[in-house]
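Everything on this sheet refers to the single structure shown next.
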Ligand SMILES: [Zn+2]
Ligand SMILES: [Zn+2]
């Protein structure tokens with residue numbers, strides 16, 4: 001068995017890794033949108049809001065709290081792995097290559113299901129203020145919003161990651177790919193503007209996979225689109241925007257049009273605090 005390190009050693013190491021990951025992915029995407037790719041969007045008539053720094057500061061502040069909490073959960077998992085208490089494994093031959101893909105997909109489906117139900121629960125007026133208001137403080141999401149969770153919500157999200165390493169055999173590589181998928185998908189969902197065309201292949205994919213347009217609807221209409229990766233639960237439980245499939249183009253234009261209006265940062269209206277905002 002490798003060297004055992006104290007819990008705080010792992011916690012501090014994960015704090016640096018998770019923080020670095022956030023600034024690299026969210027900050028890198030922000031820079032790409034507002035500098036390198038600026039002309040690309042202008043050419044396609046996609047209007048990108050100028051950054052609202054007050055909102056971004058609020059998102060970064062919450063993300064720092066999330067980082068502390070996620071670092072605890074990661075440190076706890078590795079600390080327990082050192083003592084042989086988790087189902088994490090490093091030997092590729094243990095379950096075969098096919099299991100790497102199967103366990104990856106299985107965890108995505110489980111996480112999507114878990115997220116859908118806790119997310120929907122956190123929108124309950126009694127819970128919203130404590131569990132989820134912070135995530136919705138920026139009316140117009142940006143990549144910085146992707147990790148901005150109230151500490152109570154971050155605890156519930158981190159618990160999922162702890163639970164899977166104790167209940168599902170997972171190779172270290174699978175865990176890394178899951179976390180990368182989670183990070184990149186969340187940043188894409190919070191771009192705040194449509195990334196893909198609404199026709200052809202992407203239209204088919206968009207039926208089942210959540211993307212920026214789908215999640216932008218949630219940030220405008222809190223009673224719709226609670227999913228994380230897939231639209232399955234929204235469709236099954238009737239929280240899908242009824243016009244989303246048939247009028248995606250209209251929605252796209254509406255999102256684009258709304259984006260042209262400077263967003264009001266840090267709304268604290270009654271409807272926002274109640275978790276039932278519809279605009
Ligand atoms: Zn929400
Ligand atoms: Zn969001």
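The values are calculated or read from the model by the stated rules, or taken from the named source; none is laboratory data. Here the structure is a predicted model, which is why all the values come from computation and not from measurement. Glycine gets a Cβ as well: all are built from the backbone with ideal geometry, and neighbour counts include every protein chain shown.
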So, first residue more than 17 Å from residue 143 (Cα to Cα) in the range 61-75, second residue in a helix (DSSP H, G or I) and at pLDDT below 95, Cβ within less than 7 Å, six or more apart or across chains; the pairs are 75/7
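Do we have residue 225 as free of Cβ contacts under 8 Å to residues at least 40 places away in the same chain, more than 30 Å from residue 76 (Cα to Cα), within 16 Å of ligand 1 (Cβ to nearest atom) and assigned to a helix (DSSP H, G or I) here?
Details: free of Cβ contacts under 8 Å to residues at least 40 places away in the same chain: yes; more than 30 Å from residue 76 (Cα to Cα): yes; within 16 Å of ligand 1 (Cβ to nearest atom): yes; assigned to a helix (DSSP H, G or I): no.
It is false that residue 225 is free of Cβ contacts under 8 Å to residues at least 40 places away in the same chain, more than 30 Å from residue 76 (Cα to Cα), within 16 Å of ligand 1 (Cβ to nearest atom) and assigned to a helix (DSSP H, G or I).
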Within the range 94-117, residues farther than 17 Å from residue 183 by Cα and in contact with a strand residue (DSSP E or B) (Cβ under 7 Å, 6 or more places away or on another chain) come out as 100, 103
Within the range 106-136, residues being away from ligand 2 (no atom under 11 Å from the Cβ) and part of a loop (DSSP other than H, G, I, E, B) number 3
message: Among the residues in the range 138-148, are any within 12 Å of ligand 1 (Cβ to nearest atom), at pLDDT below 95 and surrounded by fewer than 22 Cβ atoms within 10 Å (Cβ to Cβ)?
response: no
